[in-house]
Amino acid sequence: EQKRTINFGAGPAKLPQSVLLQAQQEFVKYSNSGISVLEMSHRSSDFSNIIEKTQCLLRELLNIPDNYKVMFLQGGGSGQFSAVPLNLIGLKGDRCADYLVTGTWSAKAAKEAEKYGKVNIVHPKLDRYTKIPDPSSWTLNPSASYVYYCSNETVHGVEYNFTPETNGVVLVSDMSSNFLSRPVDVSKFGLIFAGAQKNVGCAGVTVVIIREDLLGHSLKECPIVLDYKVQADMNSLYNTPPCFSIYIMGLVLQWIKNNGGSAVMETLNKQKSAMIYDIIDASNGFYVCPVDEVCRSRMNVPFRVGKKDGDEALEKEFVDGAAKRGMIALKGHRSVGGIRASLYNAVTLEDTEVLAAYMKEFLKEHQ
Ligand code: PMP
């Protein structure tokens, strides 16, 4: 293991070092192929094996039922903000969809969906994204084509600790920033998508898991590369897929499997996030996390330093001091400021302990 800078970035995020080293070792000549994965035909037998193996690992790790298709697509999570309505809003004649808007990412998804149908925000509008409105305050539309939510809001650090009940309406979830960080019952969902660049790989590939009966309902204006039925029928090979990103994801999934799968990831993610939240909560208001305790994210821990709305000079000092100690990417999203520590699967307990020790030291120095 080489000592590296600790990356607390929100994504693209840290990858396990063993994955980087394996990719390095195989980079010029992959297996017996004699060439790099970067140079391979996506229709070659070597690449077929890679995509097949990656899909099998994902099915195994998430226990994906047989009546679901798995796709590896391009266009990122944002591409799915369009693909979801383009494929699913026509499921029922009214072209309506229900959205839970609990942060930047679900807000963007809802706005994109408005281009293709009627969007109903099911709860009273939030003026700050620091909580999940209680389900008793939601008005779900029984004739909506689907209900959409983002299971972890990366910018605000708001994570659902439950699966929304939709009374039979198709449930769609953006799991980009907590994918495979905990077990999930796929059978409760019509569709799950996740960009790989946080918990399961590098940028370029987005996983889409869809129940088979939802295929074949796209609007006629749906671009063909976003058409789930076309991509599912072609096993994600309608056009050239992001081959190298799929290969890297395969290595990360193998690493997750070797380390005990989603249940072990969950245990570690609980421990890591508790370590940071405990320091925040014991700091007498020096560190402040604005998010309701019940929906605090295990993946992205946002906090202010110095006072409730943050002392920006102190926050800068915090970030600069962290950099001097080999920790980077702790600055909060530009839209909210403050600090954000992202603790995805590849961030270790030891990495988190380094941050925790620094937070304690900084608190002592400034309190
Ligand atoms: N959804 C969530 C929850 C995200 O965190 C992000 C990216 N940070 C996106 C969607 C958008 O993903 P992309 O940049 O791959 O389009």
Taking every C-alpha to C-alpha distance in the stretch 212-357 and binning by 10 Å from 0, the per-bin percentages run 10, 28, 23, 21, 15, 3
Loop-only chymotrypsin sites (Phe, Trp or Tyr not before Pro) in the stretch 62-146, please: DSSP not H, G, I, E or B, and at most 10 other Cβ atoms within 10 Å.
none
Averaging sequence separations of C-alpha pairs under 8 Å and six or more residues apart, then dividing by the length of the stretch 1-133, give the relative contact order as a whole percent.
13
Sorted from largest down, what three extents in whole angstroms do the Cα atoms of the chain have along their principal axes?
60, 57, 30
Computed over all unlike Cα pairs, the Kirkwood hydrodynamic radius of the stretch 60-177 in Å stands at 14.8
Cα-based Rg of the stretch 126-202 normalised by 2.2 N^0.38 Å, two decimals
1.14
Report Rg(Cα)/(2.2 N^0.38 Å) for the stretch 1-58, keeping two decimals.
1.37
Taking the Cα centre of the chain as origin, sum charge times position over the Cβ atoms of Lys and Arg (+1) and Asp and Glu (-1), and report the length of that vector in debye to the nearest 20.
360
Scoring only Lys, Arg, Asp and Glu (+1, +1, -1, -1) among other residues with Cβ under 12 Å from the Cβ of residue 191 yields 0
What whole-number value in Å² describes the accessible area per residue of the stretch 28-173 for a 1.4 Å probe?
44
Scoring the stretch 211-367 by relative contact order with C-alpha pairs under 8 Å, at least six apart, yields a percentage of 18
Binned at 5 Å from 0, what are the whole-percent values of the Cα-Cα distance distribution for the stretch 1-105, short to long?
2, 8, 11, 14, 17, 18, 13, 8, 5, 3, 1, 0
In percent, what relative contact order does the chain have, based on Cα pairs under 8 Å that are 6 or more apart in sequence?
22
Within straight-line cross-link reach of residue 53, lysines at Cα separation under 22 Å, skipping those fewer than 8 residues along the same chain:
29, 69, 198, 229, 257
Show log10 I(q)/I(0) for the stretch 121-258 at q = 0.19, 0.20 Å⁻¹, two decimals, from a solvent-free Debye sum over equal Cα scatterers.
-1.28, -1.35
Distances longer than 22 Å among the Cα atoms of the stretch 276-367: what percent of all pairs is that?
17
Taking every pair of Cα atoms in the stretch 240-283, average 1/r, invert it to obtain the Kirkwood radius, and report Rg/Rh to two decimals.
1.26
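The values are calculated or read from the model by the stated rules, or taken from the named source; none is laboratory data. Worth saying up front: this structure is predicted, and the values here are computed from it rather than measured. In this analysis, Cβ positions are derived from the backbone assuming ideal geometry, glycine residues included, and neighbour counts consider all displayed protein chains. Only protein heavy atoms, including side chains, enter the accessible area calculation; ligands, DNA and RNA are left aside. Shrake-Rupley method; radii C 1.70, N 1.55, O 1.52, S 1.80 Å.
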